[in-house]
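Report on the structure given below.
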Amino acid sequence: MSRPAPESPRLAEFERECRHRGLAVTIQRRAVFAELSGRRDHPTADQVYDALRARLPGLSRTTVYRVLETLVEAGLARKVHHADAVVRFDPVVERHHHLVCEACGRLVDLDDAAVPRVALPDTRRSGFRIRDYSVSFTGLCPKCR
């Protein structure tokens, strides 16, 4: 019996990465990945859970947190951190920067080309190894202005 074709290249990439890591492509993993991939608002784990719980009544909040962590470990999502905010998840894994609203916490993607190349600091003395970077510009979004 043949399987239906995946809905998108991102979903096919997700399935390949799961197989490569020996992870089962469960309904829950697939649903969390599809929900995250379809959003550009950098949702929290709770927002992903709230969006899915009506469609998947057996889904637990813990499962959503675990799946999101697995996606980050697999390089299929990123955690977005900024001061005084909960962790948000981003389906765009290529380097890009963000605009952050100081009032409501909204995050908006800003293309890497919009920011001049940043020279990485010399961290040899501290022993810190930089793996990546992103720049966040803070201000007020149109709704909060």
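Computed from the coordinates by the stated procedures, all read-outs in this text should not be read as laboratory data. On a predicted model such as this, the values are computed, not experimentally measured, just so you know. Here the Cβ positions follow ideal geometry from the backbone for every residue, glycine too, while neighbour counts run over all protein chains shown.
So for each of 51-62, 90-101 I average, over its residues, the number of other beta carbons within 10 Å; can you give me the resulting order with the highest mean first?
For the peptides 51-62, 90-101, the packing ranking is 90-101, 51-62.
Residues in the range 38-73 near a label at residue 20, defined as backbone nitrogen under 13 Å from the 7 Å Cα→Cβ point?
73, by backbone N distance to the label point.
Percentage of Cα-Cα pair distances in the range 94-139 greater than 11 Å, rounded to whole percent?
Across the range 94-139, Cα pairs with separations above 11 Å total 71 percent.
Would you mind giving the three semi-axes, in whole Å and largest first, of the ellipsoid equivalent to the range 9-80 according to its Cα gyration tensor?
18, 14, 11
Can you give the helix-only mean residue ellipticity at 222 nm for the chain, where every DSSP H stretch with n ≥ 4 adds -39500 (n - 2.57) and the sum goes over all residues, rounded to the nearest 500 deg cm²/dmol?
-9000 deg cm²/dmol
So how far apart, in nm, are the two label points at residue 128 and residue 54 if each is 7 Å from Cα heading toward Cβ?
Going by the 7 Å Cα→Cβ label model, 4.4 nm.
Under a crude label model (7 Å from the Cα following the beta-carbon direction), how far is residue 85 from residue 102 in nanometres?
1.4
Shape of the range 67-145 from its Cα gyration tensor (a ≥ b ≥ c, root eigenvalues): rounded if a/c is under 1.5, otherwise prolate when a/b > b/c, or oblate?
Details: a/c = 1.78, a/b = 1.27, b/c = 1.41.
Judged from the Cα gyration tensor, the range 67-145 comes out oblate (a/c at least 1.5, b/c at or above a/b).
Of all DSSP beta bridges located in the chain, what percent are antiparallel, nearest 5? Working shown, then result.
Details: 7 of 11 bridges.
Bridges in the chain are about 65 percent antiparallel.
What distance in nm separates the two pseudo spin-label positions at residue 11 and residue 141, each 7 Å out from Cα along the beta-carbon direction?
Each label point is offset 7 Å from its Cα along the Cβ direction, giving 2.8 nm.
Any chance you could list P(r) for the chain, counting all Cα-Cα pairs in 10 angstrom bins from zero, rounded to whole %?
P(r) for the chain, in whole percents per bin: 10, 34, 33, 18, 4, 1.
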